[in-house]
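This report refers to the structure that appears directly beneath it.
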There are 2 protein chains.
Amino acid sequence: MRPILIVGSIAFDTLHLGGKCHSKVLGGSATYASMSAAHFNPVQLVGVVGQDFPDSATKLLRDRGVDLAGLEIAQGETFHWEGRYSEDLSSRETLRTDLNVFADFKPKIPQSFRKAPFVMLGNIDPTLQIEVLEQIDKPAFVLADTMNLWIDIRQNELKTLCSRVDMLVLNDEEARQLTDKANLVHAAKALRALGPKQVVIKKGEHGALLFQNDEVFALPALPLASVVDPTGAGDTFAGALIGYLARSNDLSSNSVRRSLAYGSVLASFCVEGVGMERVSKISTADVDARYEQLRGLTSF
Amino acid sequence: MRPILIVGSIAFDTLHLGGKCHSKVLGGSATYASMSAAHFNPVQLVGVVGQDFPDSATKLLRDRGVDLAGLEIAQGETFHWEGRYSEDLSSRETLRTDLNVFADFKPKIPQSFRKAPFVMLGNIDPTLQIEVLEQIDKPAFVLADTMNLWIDIRQNELKTLCSRVDMLVLNDEEARQLTDKANLVHAAKALRALGPKQVVIKKGEHGALLFQNDEVFALPALPLASVVDPTGAGDTFAGALIGYLARSNDLSSNSVRRSLAYGSVLASFCVEGVGMERVSKISTADVDARYEQLRGLTSF
């Protein structure tokens, strides 16, 4: 078994969706990514929560195959984010961010996690993402996710991080913002020049693009009749992607293409429920069936 | 040979693109669609131009295999549209519309065109599109394109038209507007309930979706390093689509999927040049090479 080390945020979200308010929804980049990656391979999670973090949440993660030896329980409350989505779910506004115990988070990688061959640096401050790399042995594959906030306030650190990872995952707007190039082909070229062998550009309901070697791979998203909550879809996508790569232990370009398809499949389940309610209930058979559906949907 | 009857607008466009102004650019829905469809099969064009329409334009169309027996030359000037694109080419504003001879256009289908087995009703007033159907024998396949203007001011006529065509082609915003459904899966279902066996939803740089029988086909667009002018890309897409169907004479669901891929290929050439400059110069080998590129780009 090739464990996947996943570092990132763990949160409780308050989600305003279509006139309804859902409070105390388990969230955070590391949580979504871990629940997704663990569908494929064992996960070692590193993150911080407060004393309010309930047994039900740790049980949910453990039952899915997530090793919580790196879960730090700090004095105070768990990171809390509150946001309201637009009616068509295409945009959201942050109503409140309570960093709480996350404000002083310094990832401490347990000795037993330092040899993980697959590493996902979930969306947190790139300074912390780099600190994780300082603590671990040379892994076979490192994926880093990021967001617009870090492009705004930690651009130099983010570029340093890029020089040290194998794959960078970000969305189309972030790719444009980080490179100052409107055309995604040019943006991806500029991002690969920073270091990553693979650049994955997420486009939400429009799918994703993968740039590696001299080739491009374009994957549409599954058209869904019911989209309930987009929270965590990107983290879920990246989690499944690295999960598949770890399970297959195959970093060939075709395998990386397939990993995006698995990412898209898990993300499609993610948005069909509030928080992790849908992803936490699906089986391997569900995942495989939808993967075949995605293949059928895209072939000509 | 199975000729394709194409009816629509013929225009001269003035295009403001990235600070440059291009005037007297040959355009119009029927022109773009014909130049694209004629890459695959002979085209019979019906449209109106003014006395200012130059020999160079008729020669361009004839040389590509377009039969101009249905080209009406009326007293006055050719339809003129002037528009300015945003810097990233994602939106445009109309600066001026001179309908000229197009204001009184009543499509007259020559006797020799009335048995065409494949018919494309390019984007014009749905009342006129219906008048075309009244003049022709029962064709094997009718494709109709439309635009937001007709959804605004001719919605009933457009819905009547839908009940009489095999395929409806429109973009995502138009699909939402015509059905009042934000979700494209629901919108496509509502559109198919109006009559068309196939509904194609264009998403520009994000590709296209095809809904037919109980299946969905999702096709990404080729990521292009150079996008110069999006004018006519949708008409070019639809023209190649019906062109491929006519050439193959195969209306199976797999063939319709392939026809979208050829549509995407021709549209990708279209946007790489101003007006028709690129599409008018490519060869069958260029088209086939890019089709294989699109297959490679999407397979996993």
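The values are calculated or read from the model by the stated rules, or taken from the named source; none is laboratory data. Quick caveat: nothing in here was measured; it's all calculated off a predicted structure. Neighbour counts are summed over all protein chains in view; Cβ atoms, including those assigned to glycine, are modelled from backbone coordinates with ideal geometry.
Return the total of residues in the range A:255-295 being within 27 Å of residue B:219 (Cβ to Cβ) and part of a helix (DSSP H, G or I).
Residues flagged as within 27 Å of residue B:219 (Cβ to Cβ) and part of a helix (DSSP H, G or I) within the range A:255-295 amount to 26.
Please find, within the range A:52-68, the residue that is nearest to residue A:116 (Cα to Cα) out of those that are of a type in the set (Asp, Glu) and in contact (Cβ under 8 Å) with a residue 24 or more places away in the chain.
Going through the qualifying residues, I end up with A:67.
Taking the conditions exactly as written (aliphatic (A, V, I, L, M), surrounded by fewer than 20 Cβ atoms within 10 Å (Cβ to Cβ), in contact with a strand residue (DSSP E or B) (Cβ under 8 Å, 6 or more places away or on another chain) and not in a loop (DSSP other than H, G, I, E, B)), does residue B:68 satisfy them or not? Spell out how you get there, then give the answer.
Numbers: aliphatic (A, V, I, L, M): yes; surrounded by fewer than 20 Cβ atoms within 10 Å (Cβ to Cβ): yes; in contact with a strand residue (DSSP E or B) (Cβ under 8 Å, 6 or more places away or on another chain): yes; not in a loop (DSSP other than H, G, I, E, B): yes.
Criteria met by residue B:68.
Need at least 1 residues that are on the phi < 0 side of the Ramachandran plot and within 12 Å of chain B (Cβ to nearest Cβ) per element, so show me which strands (runs of 3 or more DSSP E) inside the range A:150-254 make the cut, counting only ones lying wholly within it. So that I can check it myself, show each step before the final result.
Details: elements: A:167-171, A:198-202, A:208-212, A:215-219.
Ranges flagged: A:198-202, A:208-212, A:215-219.
Any residue in the range A:265-286 that is touching a strand residue (DSSP E or B) at 6+ places or on another chain (Cβ under 8 Å), within 14 Å of chain B (Cβ to nearest Cβ), modelled with pLDDT of 95 or more and buried (at least 24 other Cβ atoms within 10 Å of the Cβ)?
First pass over the range A:265-286, keeping only residues touching a strand residue (DSSP E or B) at 6+ places or on another chain (Cβ under 8 Å): A:274-276.
Now drop any that are not within 14 Å of chain B (Cβ to nearest Cβ), which leaves none.
Within the range A:265-286, none of the residues are touching a strand residue (DSSP E or B) at 6+ places or on another chain (Cβ under 8 Å), within 14 Å of chain B (Cβ to nearest Cβ), modelled with pLDDT of 95 or more and buried (at least 24 other Cβ atoms within 10 Å of the Cβ).
Test of understanding: among B:76, B:50, which residue is surrounded by fewer than 24 Cβ atoms within 10 Å (Cβ to Cβ), under 20 Å from residue B:122 (Cα atoms) and not basic (Lys, Arg)?
Values: B:76 fails: under 20 Å from residue B:122 (Cα atoms).
When all the criteria are applied, what remains is B:50.
Looking only at the range B:249-264, which residues are crowded, with 17+ Cβ neighbours inside 10 Å and of a type in the set (Ser, Thr, Tyr)?
B:259, B:262, B:264
Report the residue count in the range A:93-131 for those that are of a type in the set (A, V, I, L, M, F, W, C), over 20 Å from the mean Cα position of the chain (by Cα) and in a strand (DSSP E or B).
Count: 1.
Return only the number of the condition from (1) in contact (Cβ under 8 Å) with a residue 40 or more places away in the chain; (2) within 14 Å of the chain's Cα centre (by Cα) that residue A:224 does not satisfy.
Going through the list (1) in contact (Cβ under 8 Å) with a residue 40 or more places away in the chain; (2) within 14 Å of the chain's Cα centre (by Cα), residue A:224 breaks only (2).
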